[in-house]
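The values are calculated or read from the model by the stated rules, or taken from the named source; none is laboratory data. The structure displayed is predicted, hence computed values, not measured ones. Reconstructed Cβ throughout: ideal geometry from the backbone, glycine too, with neighbour counts over all protein chains shown. Please note that ligands, DNA and RNA were not included when accessible areas were found on the heavy atoms of the full protein model with its side chains. Shrake-Rupley method; radii C 1.70, N 1.55, O 1.52, S 1.80 Å.
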Amino acid sequence: MPGALQSRPVTIVGGGVAGLTVALALRRRGADVTVLERAPAITEVGAGLQLSPNAMRVLDALGLGPALDALSLPSRAVRLRDASGTEVVRLDLARHRPGARFRLIHRARLIEVLEQAALSAGVRIDLGRTIETPPDVPLLIGADGLHSRIRAALNGREVPFFTGQTAWRAVIAAEDAEPEAQVFMGPNRHLVSYPLAGGLRNIVAVLETRDWQDEGWSRPDDPANLRAAFAGFGGPVPGWLAQVDQVHVWGLFRHEVAARWQDGRMAILGDAAHPTLPFMAQGACMAIEDAWTLVACLDATSDQETALSRYQNLRKPRTASIVAAANDNARNYHLTGPKRLAAHAALRLGGRIAPGAILSRFDWIYDFDPVAETP
Ligand SMILES: Cc1cc2nc3c(=O)[nH]c(=O)nc-3n(C[C@H](O)[C@H](O)[C@H](O)COP(=O)(O)OP(=O)(O)OC[C@H]3O[C@@H](n4cnc5c(N)ncnc54)[C@H](O)[C@@H]3O)c2cc1C
């Protein structure tokens, strides 16, 4: 019975990527949607995002394709390099998956597009509303991120653990550059960079360290610390780091995927359900997939308990696999000594004789189509 969402009131806690995407998708199916966001304005930290085809299929189905295309760059390849800058392998995304949409975008631009579309569609966004305990409404969606109150209400108190990795992120001004992501892999550290529309370049640099940082987004750091940690890196890295005048740092924590995503009245999605390390660039993409599937399940039947239980069953195994793949990537990027030499040699050889095989390892992530799966 598609159409079960017509005129149903839905309350969403959190107006990030997950909250705004689910709000828009709900509104497109006729629901009466209110978003409660604790920030006084919808704003975003300065950082980039890679959007892969699995998420772009949802954003396109929501009608956002042209607006996003105008504000993002296509991502043609991922170039893996060693710390000196020497290329290990170039993975040609465009050739391996012709027509698939990999895009590089500033987070603030994605949020603006989502917010604008949600408001135009008739979503109400209440700012300055910090939700400590779940409001008593018939359908409540928790999109309140890493430290979700709604997840805690469903699962009780959980304690994440520090991974021993610290990450810096920065955006610098940049000349036009090849639209591709570059990953520089050094012992116990790596740096990822890609260009963004509007003459910008995004940098994420990860270092294994015993220093304990707070988990969160916005602790400013001295750019000299970033430069010191990556002082041995070559190629374009020293030039990029010399340009960094503002940088934020945070500790990377591991969380389990939530055991319980819903109770028939409340449901969670995005980082609230499955925070991930950033090493597969899939956190926001999974949130966008969740949003589509949650809304399709709710629209298919007016039996809310059945809908939310189907949503959890469809989403939990896939997101758990992606989170596990991100955990593995951290190890692969940071190899040291002979293991590192052997792994890079294998990648070089693989890149020469069967480049498609390296990329095929991730077909299950990028070829997934939430829209076809749950119409
Ligand atoms: C360095 C880095 C690089 C990344 N790169 C990528 C990438 O390339 N591709 C990708 O797909 N993902 C990437 N991610 C992951 C992605 O940014 C996150 O997974 C995504 O932003 C999660 O969205 P969310 O809406 O679930 O949570 P959030 O973005 O955290 O939004 C939660 C919202 O809820 C609000 N909120 C929180 N608590 C309350 C409350 N109590 N009451 C009311 N409102 C509340 C917050 O203010 C916020 O607006 C990256 C992450 C990092 C750290």
field: the chain: most fluctuating residue of Gly19, Gly232, Gly283 per GNM, C-alpha cutoff 10 Å
entry: Gly232
Protection-proxy order for peptides 250-263, 326-339, each taking the mean of Cβ atoms within 10 Å per residue, highest first: 250-263, 326-339
field: Carbon plus sulfur fraction of accessible area for the range 1-149, probe 1.4 Å, in percent
entry: 51
- prompt: For the range 222-375, taking Cα atoms only, what is the radius of gyration to one decimal and the Dmax to the nearest whole Å?
  reply: 20.1, 59
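R0 = 45 Å: FRET efficiency of Asn225 with Ala41, Cβ-based, nearest 0.05?
E between Asn225 and Ala41, to the nearest 0.05, is 0.90.
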- request: Order the peptides 190-199, 360-369 from the highest to the lowest mean number of other Cβ atoms within 10 Å of their residues.
  value: 190-199, 360-369
query: Roughly how tilted is helix 283-300, in degrees to the nearest 10 and between 0 and 90, from the longest Cα axis of the chain?
result: 20
query: On a 0 to 90 degree scale, rounded to 10, what angle separates helix 304-333 from the longest Cα axis of the chain?
result: 10
For the chain, calculated [θ]222 nm from helices alone, where every DSSP H run of n ≥ 4 adds -39500 (n - 2.57): -11500 deg cm²/dmol
task: For the range 272-375, calculate the relative contact order in percent as a whole number, restricting contacts to Cα pairs under 8 Å that are 6 or more residues apart.
output: 36
- prompt: Using the alpha-carbon atoms, what tilt in degrees (0 to 90, nearest 10) does helix 17-28 show relative to the longest principal axis of the chain?
  reply: 40
query: Could you give the semi-axes, largest first, of the ellipsoid that matches the range 238-326, computed as the square roots of 5 times the alpha carbon gyration tensor eigenvalues and rounded to whole Å?
result: 33, 13, 11
statement: Length gained, Glu256-Asn155, 0.36 nm per residue minus C-alpha separation, equals 35.2 nm
task: Using only the alpha carbons, work out the radius of gyration and Dmax of the range 49-162 in angstrom.
output: 19.3, 57
In Å, descending, principal axis extents of the Cα set of the chain: 58, 41, 36
- prompt: For the pair Gln6 and Asp245, what calculated FRET efficiency results from E = 1/(1 + (r/R0)^6), where r is the Cβ-Cβ distance and R0 = 45 Å, to the nearest 0.05?
  reply: 0.30
- prompt: Ranked highest first by the average count of other Cβ atoms within 10 Å around their residues, in what order do 103-114, 266-277 fall?
  reply: 266-277, 103-114
